[in-house]
Ligand code: DC
């Protein structure tokens with residue numbers, strides 16, 4: 001375990017399929033901090049919209065969805081070492097990772113009222129610090145004063161290959177061309193969204209992990225903590 005001089009917030013932003021969540025989880029474990037997956041919160045709202053037939057042929061009934069936001073309770077629990085997302089007490093971890101939710105979540109995350117609502121919840125969750133949160137706007141909008149801001153990047157080919165291997169391991173057939181296309185589309189949507197697009201915070205440190213192992217990424221993080229003066233001697 002790593003001991004720090006004070007309790008801090010670590011913001012991990014960046015492109016999709018760069019390994020943000022694996023990295024953020026690893027950091028949280030080493031620091032004995034809480035890991036918070038902000039993308040899972042957008043996915044939860046997307047699942048609620050799907051289950052309540054608020055999406056028809058990619059048109060979202062935004063009005064009803066926004067009115068229902070206070071009724072959607074989102075929480076996280078650690079079950080046997082795995083992070084699980086809950087909606088109104090139900091474990092929805094598997095369902096929010098599926099194709100259906102993945103295909104509409106970008107549209108959901110464009111809606112300003114949904115962003116304001118979730119940013120508010122995320123800020124409450126980080127009120128006492130001691131968290132590692134990953135997403136797209138954590139260092140820019142959610143915690144602009146986060147002590148450590150990491151912006152993750154990786155080469156598109158490598159991201160596609162990692163995603164392909166991950167799916168293959170789960171026995172899900174996929175084509176590398178499709179995956180590459182999907183990655184490029186998601187990058188475009190994330191960067192060109194009107195509200196809180198994916199941008200690197202001015203004071204974020206870039207981590208390009210294209211050719212780095214987890215060990216090397218952890219070493220990089222330790223050096224960053226040292227440079228910033230957060231490592232307890
Ligand atoms: O990280 P992810 O793939 O689980 O994110 C799901 C979607 O939510 C993705 O379309 C980007 C969006 N998102 C966002 O807009 N802001 C965040 N802080 C996190 C995710």
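Laboratory data are not the source of any read-out in this text; all were calculated from the coordinates shown. It should be emphasised that the depicted structure is a prediction, and the values quoted were computed from it without experimental measurement. Because the Cβ atoms are built from the backbone with ideal geometry, glycine has one as well, and the counts that use them run over all protein chains shown.
Label zone (residue 100, point 7 Å along Cα-to-C-beta; backbone nitrogen cut-off 16 Å) within the stretch 29-45: 43-45. Highest-first packing order for the peptide set 129-135, 192-198 is 129-135, 192-198, based on the mean count of other beta carbon atoms within 10 Å.
Shape class for the stretch 1-91, computed from the alpha carbon gyration tensor (a ≥ b ≥ c): prolate, with a/c not under 1.5 and a/b above b/c. Put simply, the chain fits an ellipsoid with semi-axes of 28, 22, 17 Å; these come from the alpha carbon gyration tensor as the roots of five times its eigenvalues, largest first.
When the chain is fully extended, how far beyond the present Cα-Cα distance does residue 175 get from residue 116, taking 0.36 nm per residue of separation? Don't jump to the answer; show the numbers that get you there.
Details: separation 59, 0.36 × 59 = 21.24 nm, distance 3.60 nm.
Here the segment from residue 175 to residue 116 would lengthen by 17.6 nm.
When the chain is treated as a GNM with alpha-carbon contacts under 10 Å, the residue of 187, 32, 165 showing the greatest mean-square fluctuation is 165. Taking the Cβ-Cβ separation of residue 124 and residue 224 as r and a Förster radius of 35 Å, what is the calculated FRET efficiency to the nearest 0.05? The pair residue 124/residue 224 has a calculated efficiency of 0.85.
In the chain, helices alone account for a calculated mean residue ellipticity at 222 nm of -14000 deg cm²/dmol, with every DSSP H run of four or more residues adding -39,500 (n - 2.57).
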